[in-house]
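The values are calculated or read from the model by the stated rules, or taken from the named source; none is laboratory data. Small disclaimer: the values here were computed from a predicted structure and weren't measured. Heads up, the Cβs are rebuilt from the backbone with ideal geometry, glycines too, and the neighbour counts pull from every protein chain shown. Remember, those area values only see protein heavy atoms, side chains included, never the ligands or the DNA or RNA. Shrake-Rupley method; radii C 1.70, N 1.55, O 1.52, S 1.80 Å.
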Amino acid sequence: MREDRSGIVGNGIVGSGAGNGIVGSGAGAGNGHSNGRRPRGARKAPMAHNEADELEFGSGTWQVGEQVHYVVEGGIPLHGEVRLSGAKNAVTKLMVASLLTEDRCVLHNAPRNLGDTAITERVLRALGSEVEWTGEADVALRTRQTTSTVVPLELGKKNRLAVLTVGPMLHRAGRATIPQPGGDRIGPRPIDFHLLGLQQMGAAIEDRDGLYYFHTTGLKGATIELPFPSVMATETILIAATLARGVTVIKNAAIEPEIMDLIKFLQKMGAIIEQRVDRKIVIEGVPRLHGAEHRVLSDRNEAVSLAIAAYLTRGDVRLVGADQGTLLTFLNTLYRVGLDFSVEEDAIRFFGTDEPPRSIALETDVHPGFMTDWQQPFTVLLTQARGMSVVHETIFNDRFGYTYELNKMGADTGLYTKCLGELECRFREQDSLHSCIVRGPTPLHAADLTMPDIRAGASYLLAALCAHGTSRVWGIEHIERGYDNLHAKLRGLGAHIERVGA
Ligand code: EPU
């Protein structure tokens with residue numbers, strides 16, 4: 001055992017900066033290979049095929065058999081109306097926040113048919129919570145007392161949410177144990193910011209045999225400056241700070257809409273949280289939180305995927321519950337590529353035309369920028385745009401592996417290690433393929449595809465919906481972990497998509 005620079009005791013590696021820290025479960029989403037054309041100078045994605053990872057993900061799903069897949073007939077215009085579900089990246093955090101009180105909490109508009117919700121429910125039950133679904137999208141949570149402080153390995157490995165339980169468990173029991181997290185293979189996904197924040201608040205952390213052990217005699221407020229505005233590190237600290245002694249200041253905090261939703265819920269529970277200018281969040285610790293009721297905000301990632309499905313199929317789709325405020329940047333980008341939409345009182349309508357979209361130079365960024373989770377669906381759209389588009393990914397350094405499969409379907413994309421954009425990017429010095437050039441429009445044809453992660457999975461579905469012929473898409477546990485019945489919603493809009501092999 002050793003003590004590293006960060007002061008965290010263990011055999012593991014805990015760095016202090018982005019990308020130096022604990023390395024996630026795989027080097028790449030690049031499980032595809034290209035038969036397609038690559039522009040000159042473009043590099044092939046690394047064949048980072050780690051069988052151990054593959055096996056872990058294969059069996060580490062939340063109950064989707066390997067033979068289950070989608071059969072998608074492309075080229076059918078989507079029409080009609082669909083109601084968006086509650087946001088995956090909000091509901092799971094709100095569920096965990098209920099651990100902060102012994103009282104009953106109720107969430108409405110909670111997406112039930114979603115793998116991440118099921119995993120979070122099982123984690124909470126393992127810690128002693130009672131979880132009761134009182135309606136299709138209404139869940140009541142109550143943790144009268146914690147019966148365990150350990151997030152079981154098989155659950156903690158499935159996604160990255162276990163670390164959020166640490167704050168509440170430290171408040172309630174003085175200790176917590178979680179496995180090193182899993183999640184999508186979209187590049188290294190360390191949790192060093194979370195650990196350093198918790199440590200500054202008075203948690204002692206030991207890293208042993210793939211597990212993190214935390215204990216404390218009481219969390220206290222601290223001023224924590226995040227090296228990068230990480231979404232979940234902000235949430236981990238936010239949740240932990242509500243009951244800490246004194247004031248916590250998070251500098252360089254993330255301010256995504258899902259974080260604002262969490263803040264609203266915590267305030268309803270009795271927390272005192274202020275959002276200041278310049279990414280500063282100030283939390284005044286209180287001795288006790290109480291139960292609360294909350295409606296989960298709608299899923300902006302689901303909205304973007306369905307909107308792009310409408311454009312790609314030249315359809316006309318009304319998304320009920322779509323929130324203009326959380327989609328501002330996406331909507332601006334639609335205008336920039338020449339696409340139209342109309343914002344209505346309770347919905348946004350997205351309608352395609354026969355005219356191909358215009359090409360664009362696009363960069364992902366932290367909120368309020370263009371979200372990294374929209375990059376994959378939007379790149380599929382750009383395969384149908386006239387001219388050369390450039391996409392610079394600045395949040396995760398390995399999130400373009402899916403483009404090799406698109407090339408197999410007829411797309412013309414190439415990946416570059418250079419920063420093809422203006423934003424200051426942490427990947428400039430790294431040898432990672434984080435810029436993409438797309439030339440279009442190129443007709444897509446059907447293919448057999450295997451999803452490597454949630455958003456890449458969505459892009460495959462979109463490509464299949466727009467392609468000529470019938471595609472088969474495997475690895476659907478990824479999409480079903482992150483989207484609430486997407487295939488059923490698409491069917492409701494007229495898509496020819498079957499879930500077979502169940
Ligand atoms: N980072 C570190 N150290 C940390 C934490 C983050 O170096 O301790 C780095 C990451 O490696 C990454 C960057 O900071 O390069 C930003 O990562 P962030 O922490 O913001 O991502 P996250 O909180 O793990 C959430 C969403 C992602 C979404 C990102 C960015 C959840 C459960 N996940 O991840 O959603 O892409 O924020 O908005 O909220 C998805 O839903 O498909 C998904 C991947």
For this session: Would you point out the residue of the stretch 374-408, among those that are in a loop (DSSP other than H, G, I, E, B), without any contact (Cβ under 8 Å) to a residue 60 or more places away in the chain and in contact with a helix residue (DSSP H, G or I) (Cβ under 7 Å, 6 or more places away or on another chain), that is farthest from Pro357 (Cα to Cα)?
Result: Ile395
For this session: With respect to Glu130, determine if the residue is touching a residue at least 60 places away in the same chain (Cβ under 8 Å), within 30 Å of Ala488 (Cα to Cα) and more than 16 Å from the ligand (Cβ to nearest atom).
Result: no
Problem set entry | the stretch 446-465, subset touching a Ser or Thr at 6+ places or on another chain (Cβ under 9 Å) and open to solvent by 20 Å² or more (accessible area, probe 1.4 Å), residue farthest from Val390 (Cα to Cα) | Asp448
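Pro179: over 18 Å from Met95 (Cβ atoms) and within 13 Å of the ligand (Cβ to nearest atom), yes or no?
No; evaluated as a whole, the condition is false for this residue.
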For this session: Would you point out which residue out of Val343, Val366, Val337 is open to solvent by 30 Å² or more (accessible area, probe 1.4 Å) and at pLDDT 95 or above?
Result: Val343
Problem set entry | Every residue from the stretch 71-109 that is under 23 Å from Leu170 (Cα atoms), within 12 Å of the ligand (Cβ to nearest atom) and among the small types (Gly, Ala, Ser) | Ala90
Exercise. Would you pick out the residues in the stretch 49-91 that are of a type in the set (A, V, I, L, M, F, W, C), at pLDDT below 75 and closer than 20 Å to Tyr483 by Cα?
Worked result: Phe57, Trp62, Val64
Seminar exercise, completed: Only unsatisfied item for Tyr483, checking (1) farther than 26 Å from Thr92 by Cβ; (2) of a type in the set (Ser, Thr, Tyr); (3) out of contact with any Lys or Arg (no Cβ under 7 Å at 6 or more places or on another chain); (4) surrounded by 19 or more Cβ atoms within 10 Å (Cβ to Cβ), is (1)
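Here's the yes/no breakdown for (1) over 25 Å from the mean Cα position of the chain (by Cα); (2) within 12 Å of the ligand (Cβ to nearest atom):
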position: Asp192; (1), (2): no, yes
position: Thr216; (1), (2): yes, no
position: Lys220; (1), (2): yes, no
position: Leu243; (1), (2): yes, no
position: Val247; (1), (2): yes, no
position: Leu266; (1), (2): no, no
position: Gly270; (1), (2): yes, no
position: Gln275; (1), (2): no, no
position: Lys280; (1), (2): no, no
For this session: Evaluate the following for Cys436: is it buried (at least 19 other Cβ atoms within 10 Å of the Cβ), in a loop (DSSP other than H, G, I, E, B) and touching a residue at least 24 places away in the same chain (Cβ under 8 Å)?
Result: no
Seminar exercise, completed: Lys268 meets each of (1) out of contact with any Asp or Glu (no Cβ under 8 Å at 6 or more places or on another chain); (2) open to solvent by 10 Å² or more (accessible area, probe 1.4 Å) with one exception, condition (1)
